[in-house]
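Below is one structure; the comments refer to it alone.
The values are calculated or read from the model by the stated rules, or taken from the named source; none is laboratory data. Predicted model, so just to flag it, every value in this text is computed and none were measured. Cβ coordinates were reconstructed from backbone atoms using ideal geometry, including for glycine residues, and neighbour counts include every protein chain displayed.
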Amino acid sequence: MPFIQKIEQQITADPNLDHEYQWFLGIEKFNKLAPRLILGEDSPALLGGRAFGSQTLSGNGALRMATEFLVRHLNYKTVYMSNPTWDNHRLVFRYGGFTDLKYYRYWDPATRGVDFTGMLEDLKKAPKNSVIVLHMCAHNPTGCDLTREQWTMVADVLEERNLFPFIDAAYQGFASGDLDKDAWPVRYLVDRGFELFIAQSFSKSMALYSERVGCLTVVLGEGHAQDAINMSSQLVLIARAMYICPPKHGALVVSTILSDPALREECDLCIMYLLRNYRKKCLKIMNDRIQDMRKALNESLVKLGTPGNWDHVLTQLGMFSFLGLTPRQVEYIKKKHHIHMLSNSRANMCGLNDKNVDRVAEAIYDTVVN
Ligand code: PLP
């Protein structure tokens with residue numbers, strides 16, 4: 001993103017930039033600002049000191065840190081993931097220490113949408129004190145999110161069964177193009193009084209993949225601000241045991257962008273305010289392009305008379321589309337047309353452009369009819 005380059009130039013031009021060790025849990029300013037992006041500027045949990053952020057090695061590092069804490073200090077053994085989920089979840093949760101890895105139903109191949117009845121049934125059967133991983137928005141790989149009403153019903157089950165919500169927030173802004181709207185499920189759970197963990201990633205939202213910028217946000221219940229202090233000292237030990245401290249550069253970029261506009265004015269850095277708005281615009285441009293490609297692919301498939309219903313290509317959210325091809329069909333499209341996707345037919349919509357979208361549609365048509 002162009003504005004990231006500008007900020008990087010500014011950071012690296014600073015003669016006082018050093019390469020000292022950072023605090024084990026990263027940059028203080030970043031730890032204040034990153035949770036605000038998800039929980040909201042006026043979050044009572046943050047203002048009351050019962051929620052706090054720790055800089056991590058991106059979203060994956062946050063997942064790993066939280067897992068270690070849940071297993072080591074809270075004795076959780078069972079974790080539930082959506083079926084399907086992001087490939088790495090299983091690996092992180094197993095290596096992090098969960099001994100019982102389970103799935104709740106999520107994808108319904110018949111409707112090519114969320115199997116909400118199956119999901120609720122499975123959550124209702126989950127043993128009490130299980131950890132439930134929920135994608136905040138733009139679910140990877142299906143691109144299908146819960147509606148607000150469905151989130152409410154999931155929250156009821158979590159409450160009834162004493163299940164612990166563990167939120168994976170890797171795509172804030174990618175579902176609706178609006179950061180606040182996409183964070184609604186988490187804010188709702190926090191308003192309802194849940195204690196939870198959030199694994200937040202800036203890989204996608206700021207295109208900082210290799211910089212490994214993320215945050216583990218912990219939200220505790222009312223009256224537990226003291227526990228927040230105790231917990232953060234345990235997180236220090238986990239970070240020290242794994243990598244000592246997270247890297248500085250990417251977190252400096254992010255905290256520069258997220259900085260409070262008033263503070264920025266004070267420091268005569270009003271320009272940052274403009275850049276922050278520009279960031280929102282960039283996200284919108286990326287999001288709009290993905291939507292355009294979804295539309296183009298859907299139109300092309302329909303125009304060709306491809307058997308089946310292709311509405312899901314339009315309605316799914318985020319970067320990915322779960323096309324609904326069988327593993328045999330995926331093999332066919334790879335071998336014959338050299339179009340690649342996961343064997344469960346998760347395709348990255350960002351790979352489409354005006355020049356290739358019709359060719360992809362023709363290949364899908366050929367695959368389906370053969
Ligand atoms: N969670 C989900 C659902 C993802 O899709 C990804 C990346 O693709 C991540 C977490 C972690 O990404 P990172 O470690 O780069 O922040």
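Give me the pairs: first residue in the range 51-69 and assigned to a helix (DSSP H, G or I), second residue within 9 Å of the ligand (Cβ to nearest atom) and of a type in the set (D, E, K, R), beta-carbon distance under 8 Å, and six or more apart or on different chains, which are they?
Filtered contacts from the range 51-69: S58/R212; G59/D168; G61/R212; L63/D168.
I need a count of the residues in the range 225-271 that are of a type in the set (S, T, N, Q), out of contact with any Leu (no Cβ under 8 Å at 6 or more places or on another chain) and at pLDDT below 90.
Going through the range 225-271 one residue at a time, the tally reaches 1.
Counting only residues that are surrounded by fewer than 23 Cβ atoms within 10 Å (Cβ to Cβ) and either among the β-branched types (V, I, T) or under 20 Å from P247 (Cβ atoms) (or both), how many does the range 191-210 have?
Final tally of qualifying residues: 6.
Report, by residue number, each residue of the range 157-189 that is closer than 20 Å to F30 by Cβ and not charged (D, E, K, R).
I167, A169, A170, Y171, Q172, G173, L179, A183, V186
Could you figure out which of (1) surrounded by 20 or more Cβ atoms within 10 Å (Cβ to Cβ); (2) under 20 Å from A225 (Cα atoms); (3) under 22 Å from the mean Cα position of the chain (by Cα); (4) more than 16 Å from the ligand (Cβ to nearest atom) isn't true of R50?
All conditions are met except number (3).
From the list V313, V302, V330, exactly one residue is without any contact (Cβ under 8 Å) to a residue 40 or more places away in the chain, surrounded by 14 or more Cβ atoms within 10 Å (Cβ to Cβ) and touching a Leu at 6+ places or on another chain (Cβ under 7 Å). Which is it?
Matching residue, one of V313, V302, V330: V313.
Just the residues that are touching a Pro at 6+ places or on another chain (Cβ under 9 Å) and at pLDDT below 95, please, taken from the range 141-177.
Those that are touching a Pro at 6+ places or on another chain (Cβ under 9 Å) and at pLDDT below 95: P141, T142.
Given the criterion of a type outside the set (A, V, I, L, M, F, W, C) and within 30 Å of H249 (Cβ to Cβ), identify the matching residue among R161, R212, R192. Don't jump to the end; show me each part of the working.
Details: R161 fails: within 30 Å of H249 (Cβ to Cβ); R192 fails: within 30 Å of H249 (Cβ to Cβ).
One residue alone meets the criteria, R212.
Is it the case that the range 148-171 has a residue that's of a type in the set (V, I, T), within 15 Å of the ligand (Cβ to nearest atom) and in a helix (DSSP H, G or I)?
no
Out of V92, V133, report the one residue that is of a type in the set (V, I, T), farther than 18 Å from N162 by Cα and not in a loop (DSSP other than H, G, I, E, B).
V92
Given the structure, is T56 farther than 30 Å from G308 by Cα, within 14 Å of the ligand (Cβ to nearest atom) and hydroxyl-bearing (S, T, Y)?
Judged against the criteria, T56 is a match.
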